[in-house]
1. Pairs only if they're at least six apart or on different chains, beta carbon under 6 angstrom, first in segment 183-194 and without any contact (Cβ under 8 Å) to a residue 40 or more places away in the chain and assigned to a loop (DSSP other than H, G, I, E, B), second more than 7 Å from the ligand (Cβ to nearest atom) and among the aliphatic types (A, V, I, L, M); list them, first residue then second.
2. Only one of (1) modelled with pLDDT of 95 or more; (2) outside any strand (DSSP E or B) fails for Glu170. Which number is that?
3. Just to verify a result, which residue in segment 75-95, among those that are touching a residue at least 60 places away in the same chain (Cβ under 8 Å) and more than 27 Å from Val37 (Cα to Cα), is nearest to the ligand (Cβ to nearest atom)?
4. Restricting the search to segment 108-138, which residues are of a type in the set (S, T, N, Q) and within 21 Å of Lys207 (Cα to Cα)?
5. Can you pull out the residues in segment 11-25 that are out of contact with any Pro (no Cβ under 9 Å at 6 or more places or on another chain) and part of a helix (DSSP H, G or I)?
6. Residue check: is Val135 touching a residue at least 24 places away in the same chain (Cβ under 8 Å), of a type in the set (A, V, I, L, M), away from the ligand (no atom under 15 Å from the Cβ) and surrounded by 13 or more Cβ atoms within 10 Å (Cβ to Cβ)?
7. State the number of residues belonging to segment 195-233 that are within 16 Å of the ligand (Cβ to nearest atom) and touching a strand residue (DSSP E or B) at 6+ places or on another chain (Cβ under 6 Å).
8. Of Val74, Val66, which residue is in contact with an Asp or Glu (Cβ under 7 Å, 6 or more places away or on another chain), among the β-branched types (Val, Ile, Thr), closer than 16 Å to Glu224 by Cα and at pLDDT 90 or above?
Amino acid sequence: MAQMRIDKLLASTGRWSRREVKQLIKEGRVLAGREIVGRPENKYDPEETEIRVDGAPVGLSAYHYVMLHKPAGVLSATEDRRAETALGLLPPELQKLGLFPVGRLDKDTEGLLLMTDDGELAHRLLAPRSHVDKVYYVRAAGCLTAEDAAAFAAGMTLPDGFRCLPAGLEILSSGAESEVLVTLREGKFHQIKRMLAARKAPVLYLKRLSMGPLRLDPALARGEWRYLTDLEVRALCSLKAAAKV
Ligand code: URA
């Protein structure tokens, strides 16, 4: 990476506006190597000089990665004329960066939604051959048993002829209503709803808990978001690298 003005570099992370960056610099909270950055016009190459804000290294990746706890009632989309969208739950400075949801959750599904502008990562995470498991917590109206788990594991054929890849069904409790964890490697339209309807156990509540190594942060309330940590980004990018081989 070539040298760039520090205010531009920090604002490009989407975490701060240019005005907020100026304030951080004024307050002496930005370090380049061991030096306190004195002026927003100073130029650095972040590959050569570590940039820190309040002591924490700033990941100056070209891309942005955000975890959103999607609430029910919100579309997994970037724009819609009528309904609230996942992008609309992010602050304005992030909305400008071209982030999009990685895979769709139904409007009434809650839980983990990764938003990024890294198209290659999104593609790899969603390709069934990348074997990225997505885990969902489900409450269903019906008594699910080991027979249903075996049908999931064998790869179901749905009434419309669609052949599902083998999937996991772990029964947490069963009775008139059942609680289960479903693990999918693909993400076709209404897939869990269709699979469970075919087993005579319609979905009552659905929440995505994880996607590959990424888990929904339990500290995030519905509608809240946070940046992925460097560790989380590295875990996803190592999947991206492995899937290329
Ligand atoms: N399966 C569904 O039926 N809906 C979702 O939102 C995700 C998986």
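The values are calculated or read from the model by the stated rules, or taken from the named source; none is laboratory data. Because the structure is a prediction, the values reported are computed rather than measured. All Cβ positions, even for glycine, are placed from backbone atoms using ideal geometry, and neighbour counts span all protein chains on display.
1. As it stands, the answer is none, since no pair meets every condition given.
2. (2)
3. Leu89
4. Thr109, Thr116
5. The answer is Ala11, Arg19, Glu20, Gln23, Leu24.
6. So Val135 fails the test.
7. Looking only at that region, the number is 14.
8. Val74
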